[in-house]
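Got a structure for you, questions after.
The values are calculated or read from the model by the stated rules, or taken from the named source; none is laboratory data. Everything numeric here is computed off the predicted structure, so don't read it as measured data. No Cβ is skipped: glycine too gets one built from the backbone with ideal geometry, and neighbour counts run over all protein chains shown.
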Amino acid sequence: MKVAVVWFLFCAAADLATGTPQLTPDHPELLQRAILEAYKAGAHRITVPPGTYRITPPANGPHLQIADLSDFEIDARGVYLIFSDQTRGGIEFRNCRNVRFRGAQIAHQVPPFTQGVIEGIGWTGKWYDIRIEKGYPTNLDNPRYFSVHTLAHLFDPQSRLLKAKAYDLSSERIQRSGQDRFRVYWNRASGPMLHPVSVGDLIAFRGSGLHNITVIDCARVDLTGVTIYNAGNFAIWESGGEGENHYSVTVKRGSRPPGATTDPLLSSTADAFHSTNARKGPVLERCDFEGMADDGIAIHGTYSFVFQANGNRLVINQNTFRPGDPLRLMAVADRPAGDAVVESVRHLPDFVSRRKSRRNTRDDNTGGPYFEVALNHPLPADFDFLASNPAASGRGFVLRGNRIRNHRARGMLLKAEEGLVEDNVIDGSSMGGIVLSSEVWWNEASYSRNTVIRGNTIRHVAYAPAQRGAMVIANTEAPVVGCGHQHISIEQNVFERLDGVNLYLTSACDVSVTGNRFVEELQGNPVIRLIGVNRVRFESNVVIAPGPKRGNPIEATASTQLEGIETGIRVCVQNGCR
C-alpha cells in the first residue's frame, strides 16, 4: 500500500531538481496541494509535519478546500492551523468518503468576536457605553466584520460566565466614541429595570465569521482529536450527504490574543456542532464543548412548503426527497396531518407561485425551485402546510459521553428520529439542557420519534429568562393537538441544581419516564409539567426535596392516559420517602 511517506521521498528528490519547497510550517501555502497530490499519487495517508501553519485563504472560499477524497487519512497530530481571515471559513471537506482527519488544533488568528466592559447605561437602557478589552478587535463599527444588527450577550465580571436572567441584545446602531470605545444603541430598551445589567458588566459581540470546519455532501468522515478555538459561526457544520460521520472533538475558548490581559468570553459565535439534512445522523462521542454563543449540538432537517395539493401529488420547494423516503405532513398551527411514502419526484421549472406564507418565519422560505412529489396515497394537504423528510434529517444519530458546559442556548437541540442520547453531562446551558422541538421560525424540521434519552446528567441549566424547563420535549410555538413527538424514552437521567421545571412535556404521545432522579434546589415549581400529552408512563422516579413538599410533583393539563402519575414518582426528604 502506498503511503504519504513514500510520496514525500519522491517529492524530496524532485525538489532538489526543481527548487520547489517541501511542506513545512515555513511553507503553509503548500498544505492543501500536498494533501491533494498525495491522494492523486495513490497514497492512503499523509502525515503533516508538526508545527504552526499560518494559512492565507485563496481568492474565494475557505482557507483550505478538501474535495472528492475517498479512503484517506490526514494525520495532523502536533499541527496548529491558524487562519488569517476571520470572515472566511476554515477547512471545507466536500464530497468525501471514508476520510479521517485527526489531531489538529484550529483557530482564527483574530477572534471573530469582540468583548468589552460596560462603562455607562442610558437611563432608559436604550444604549450602553462600551470599552473594548485590550487585545480584542476594535472594529465593531466595520460592517465587514460586525453586522450593524450584531448580537451581544452579558457576562458576570467576577465569574466571566453568562449572567443569569439577562436578555440577548441586538444592536440598532453603533457609534464610535474613541479608539476602543463605542456607544451601542439597542433595538429595544435594555436597562436595569428590565433585566440584570450593571455598569462594570462584561459584554461579548458576535462577528461575521464563517464556520471553522464544514463537512458538505460527505459520508463516513471522521474528525478525531481535533480542537477548535475562536470559531466563527459554527465550529463544525455538516450538511447533506449520506452522513454517518463521526466526531470526537473539542471546542473551547482560545488563549489570550496578543496584547490581551483577559481571557476570551466565547469559543464560537454560534453552535459548537450543527447538522443539516444528513441522511444518516452523526455520531458524537467524547466531545467537550464550552463557551459557545449558541447551541452545543443541533441536528435537524428542512421543511418544504406545500404550494398545491391534488390527490396524492404535492407541489413543494426545498426538496430533499427521494423515491422511498417518508414524508411527514404538518398542518397550520404545527399539527401533524399524516404520513406517506414518496414514489417519485419531478422538477417543475415552469411553476410560479406568488403566494406568501402566513407563518411567522425568519426568512421568506416560499421561493423556488419547485418540485412535484407523488405519494403512495393522498394526504389532506393545502397551501402553507409543511412537509418534512425524516430520512434527510439526521435519523439514527448517536450522542454519547459528551460534555457541554457554560454557554448560551440549548445543550442539545434535536429534531431527528431514532436517536440515542446517552451518558452526556450538560452543565451551564442558559436554555434547556436537552430539547426536542421543531422550529418553523428557523425552517428546521421536525418532531422526533423513537428516541432514547438515557443516563444523562443535566445540571444548572435554563437560567435565561422565560425558560420552559431543563429537559424540553415540545413544539416551539405552543402545544399542538395530536401526536407530534412519538415513542420517546426518558430513562435514568439525573437533574440537579435547577430552580425551575425539570421536565417539560407537550405535543407528545407514548412517552416513558423511568428511573430518573430529580434533585430539587428550590420549591414552588412543579418538577414535571405536562400539557396536551397522551400515553405517558411514569415508573421508579425519585424527587429529592430540600424539605417537606406539598402536593403532587407532576402538573398535568389537558393530558390523557397518564400511567403511574401517583405511584411512579416518589418524593424523598431527610425523613424518608413517600
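Out of (1) closer than 25 Å to GLN109 by Cα; (2) touching a Gly at 6+ places or on another chain (Cβ under 8 Å); (3) in a strand (DSSP E or B), what's the single condition that is false for TYR128?
The one condition TYR128 does not meet is (1).
Let me ask you something else. Suppose we keep only residues that are closer than 16 Å to VAL117 by Cα and among the charged types (D, E, K, R) within the range 148-167. Which one would you say is surrounded by the most Cβ atoms within 10 Å (Cβ to Cβ)? If you could, list the steps in order and put the result at the bottom.
Taking the range 148-167 as the starting set, the residues that turn out to be closer than 16 Å to VAL117 by Cα are 151-163, 166.
Narrowing further to those that are among the charged types (D, E, K, R): 156, 160, 163.
Values: ASP156: 16, ARG160: 16, LYS163: 22.
Checking each candidate, the answer is LYS163.
Specify the residue that is farthest from the chain's Cα centre (by Cα); the eligible residues are those in the range 284-312 that are in a strand (DSSP E or B) and closer than 16 Å to LEU436 by Cβ. Show your work before the answer.
Start the filter on the range 284-312 by keeping residues that are in a strand (DSSP E or B), which leaves 284-285, 288-290, 292, 297-302, 304-310.
Filter once more, keeping what is closer than 16 Å to LEU436 by Cβ: 297-301.
Working: ILE297: 4, ALA298: 3, ILE299: 7, HIS300: 9, GLY301: 12 Å.
Looking at the filtered set, the residue picked out is GLY301.
Please work out which one of (1) at pLDDT 95 or above; (2) among the β-branched types (Val, Ile, Thr); (3) not in a loop (DSSP other than H, G, I, E, B) is the condition THR24 fails and give its number.
(3)
Any idea how many residues of the range 255-282 are out of contact with any Gly (no Cβ under 9 Å at 6 or more places or on another chain), crowded, with 20+ Cβ neighbours inside 10 Å and farther than 11 Å from ILE299 by Cα?
0
Would you check which residues across the range 386-408 are under 12 Å from the mean Cα position of the chain (by Cα) and among the charged types (D, E, K, R) and list them? Step through it out loud before you land on a result.
Step one: list which residues in the range 386-408 are under 12 Å from the mean Cα position of the chain (by Cα), which gives 404, 407-408.
Within the range 386-408, ARG408 is the sole residue that qualifies.
Here's a follow-up. Look at SER507 and say whether it is within 20 Å of ALA556 (Cα to Cα) and either surrounded by fewer than 21 Cβ atoms within 10 Å (Cβ to Cβ) or in the same structural domain as ASN360 (by TED's automatic domain parsing) (or both).
Values: within 20 Å of ALA556 (Cα to Cα): yes; either surrounded by fewer than 21 Cβ atoms within 10 Å (Cβ to Cβ) or in the same structural domain as ASN360 (by TED's automatic domain parsing) (or both): no.
In short, no.
Give ASP339, ASP364 a once-over and let me know the one that is in the same structural domain as LEU379 (by TED's automatic domain parsing), over 21 Å from the mean Cα position of the chain (by Cα) and modelled with pLDDT of 95 or more.
ASP339
The rows are residues; the columns are (1) more than 26 Å from ARG33 (Cβ to Cβ); (2) surrounded by 20 or more Cβ atoms within 10 Å (Cβ to Cβ); (3) in contact (Cβ under 8 Å) with a residue 24 or more places away in the chain.
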{"residue": "LEU69", "(1), (2), (3)": "no, yes, yes"}
{"residue": "ASP75", "(1), (2), (3)": "no, no, yes"}
{"residue": "GLY78", "(1), (2), (3)": "no, no, yes"}
{"residue": "GLN105", "(1), (2), (3)": "no, no, yes"}
{"residue": "HIS108", "(1), (2), (3)": "no, yes, yes"}
{"residue": "THR124", "(1), (2), (3)": "yes, no, yes"}
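Looking at PRO58, is it within 18 Å of GLN109 (Cα to Cα), in a loop (DSSP other than H, G, I, E, B) and either touching a residue at least 40 places away in the same chain (Cβ under 8 Å) or assigned by TED's automatic domain parsing to the domain that holds LEU223 (or both)? I'd like the intermediate steps shown before the answer.
Values: within 18 Å of GLN109 (Cα to Cα): yes; in a loop (DSSP other than H, G, I, E, B): yes; either touching a residue at least 40 places away in the same chain (Cβ under 8 Å) or assigned by TED's automatic domain parsing to the domain that holds LEU223 (or both): yes.
So PRO58 passes the test.
Further question: Can you find even one residue in the range 35-55 that is closer than 21 Å to LYS252 by Cα, in contact with an Asp or Glu (Cβ under 9 Å, 6 or more places away or on another chain) and outside any strand (DSSP E or B)?
no
Sort out which residues of the range 388-441 are of a type in the set (Phe, Trp, Tyr) and touching a strand residue (DSSP E or B) at 6+ places or on another chain (Cβ under 7 Å), and write them in order of number. Talk me through it step by step, then tell me what you get.
Residues of the range 388-441 of a type in the set (Phe, Trp, Tyr): 397, 441.
If the condition is that a residue be of a type in the set (Phe, Trp, Tyr) and touching a strand residue (DSSP E or B) at 6+ places or on another chain (Cβ under 7 Å), then PHE397 is the only one that fits.
For a quick check of your reading of the model, give me the residue pairs whose first member lies in the range 215-241 and is in the same structural domain as ALA152 (by TED's automatic domain parsing) and in a strand (DSSP E or B), whose second is of a type in the set (Asp, Glu) and modelled with pLDDT of 95 or more, with beta-carbon atoms closer than 7 Å and at least 6 apart or on different chains.
none
Does the range 512-528 include one or more residues that are under 30 Å from THR361 (Cβ atoms), of a type in the set (A, V, I, L, M), modelled with pLDDT of 95 or more and crowded, with 23+ Cβ neighbours inside 10 Å? So that I can check it myself, show each step before the final result.
If we filter the range 512-528 for residues that are under 30 Å from THR361 (Cβ atoms), which is where we start, we get none.
No, because not a single residue in the range 512-528 is under 30 Å from THR361 (Cβ atoms), of a type in the set (A, V, I, L, M), modelled with pLDDT of 95 or more and crowded, with 23+ Cβ neighbours inside 10 Å.
Restricting to the range 61-74, what's the tally of residues that are closer than 14 Å to GLN86 by Cα and assigned to a loop (DSSP other than H, G, I, E, B)? Write out each step before concluding.
Initial filter on the range 61-74 (closer than 14 Å to GLN86 by Cα): 61-64.
Narrowing further to those that are assigned to a loop (DSSP other than H, G, I, E, B): 61-63.
The number of residues fulfilling the criteria is 3.
Same structure again: Mind listing whichever residues of the range 90-103 are surrounded by fewer than 24 Cβ atoms within 10 Å (Cβ to Cβ) and in a loop (DSSP other than H, G, I, E, B)?
Within the range 90-103, ASN95, GLY103 meet the criteria.
Do we have SER393 as crowded, with 24+ Cβ neighbours inside 10 Å and either out of contact with any Leu (no Cβ under 9 Å at 6 or more places or on another chain) or at pLDDT below 95 (or both) here? First the steps, then the outcome.
On the way: crowded, with 24+ Cβ neighbours inside 10 Å: yes; either out of contact with any Leu (no Cβ under 9 Å at 6 or more places or on another chain) or at pLDDT below 95 (or both): yes.
Here the answer is yes, as SER393 does meet what is asked.
Sticking with this one: Looking only at the range 242-254, which residues are buried (at least 19 other Cβ atoms within 10 Å of the Cβ) and assigned to a strand (DSSP E or B)?
Result: GLY243, TYR247, VAL249, THR250, VAL251.
Identify all residues within the range 332-370 that are among the basic types (Lys, Arg) and in a loop (DSSP other than H, G, I, E, B); write none if there are none. Spell out how you get there, then give the answer.
Here is the first cut: in the range 332-370, the ones among the basic types (Lys, Arg) are 335, 346, 354-356, 358-359, 362.
Listed by number, the residues that qualify are ARG335, ARG354, ARG355, LYS356, ARG358, ARG359, ARG362.
Restricting to the range 409-426, give me the number of residues that are within 16 Å of the chain's Cα centre (by Cα), of a type outside the set (S, T, N, Q), crowded, with 24+ Cβ neighbours inside 10 Å and assigned to a loop (DSSP other than H, G, I, E, B).
So the count comes out to 5.
Which one of these is under 30 Å from LYS134 (Cβ atoms) and touching an Asp or Glu at 6+ places or on another chain (Cβ under 9 Å): SER248, SER275, SER239, SER255? Walk me through how you get there before you give the answer.
Working: SER248 fails: under 30 Å from LYS134 (Cβ atoms); SER275 fails: under 30 Å from LYS134 (Cβ atoms); SER239 fails: under 30 Å from LYS134 (Cβ atoms).
Sole residue among the options that is under 30 Å from LYS134 (Cβ atoms) and touching an Asp or Glu at 6+ places or on another chain (Cβ under 9 Å): SER255.
Residue pairs, Cβ under 7 Å, 6 or more apart or interchain, first in the range 301-313 and closer than 13 Å to PRO378 by Cβ and in contact (Cβ under 8 Å) with a residue 12 or more places away in the chain, second of a type in the set (Asp, Glu) and assigned to a strand (DSSP E or B). List them.
Listed by first residue and then by second, the contacts come to ARG313/GLU372.
Any idea which of (1) surrounded by fewer than 24 Cβ atoms within 10 Å (Cβ to Cβ); (2) assigned by TED's automatic domain parsing to the domain that holds ALA104; (3) aliphatic (A, V, I, L, M) is the one LEU202 doesn't satisfy?
Failed condition: (2).
Give me the residue from the range 434-456 that is aliphatic (A, V, I, L, M) and assigned to a strand (DSSP E or B) and, out of that set, modelled with the lowest pLDDT.
The initial filter retains those residues of the range 434-456 that are aliphatic (A, V, I, L, M), namely 434-436, 440, 445, 452-453.
If we keep only those that are assigned to a strand (DSSP E or B) as well, we get 434-436, 445, 452-453.
Numbers: ILE434: 98, VAL435: 98, LEU436: 98, ALA445: 95, VAL452: 98, ILE453: 98.
The extreme case among them is ALA445.
Same structure, new question: Give me the pairs, please: first residue somewhere in the range 256-283 and outside any strand (DSSP E or B), second residue anywhere and surrounded by 21 or more Cβ atoms within 10 Å (Cβ to Cβ) and of a type in the set (Lys, Arg), beta-carbon distance under 6 Å, and either six or more positions apart or on two chains.
These pairs meet every condition: THR269/ARG206; GLY281/ARG395.
Related question: Is it fair to say CYS483 is over 23 Å from the mean Cα position of the chain (by Cα), part of a loop (DSSP other than H, G, I, E, B) and closer than 15 Å to LEU436 by Cβ?
Details: over 23 Å from the mean Cα position of the chain (by Cα): yes; part of a loop (DSSP other than H, G, I, E, B): yes; closer than 15 Å to LEU436 by Cβ: yes.
Yes; evaluated as a whole, the condition is true for this residue.
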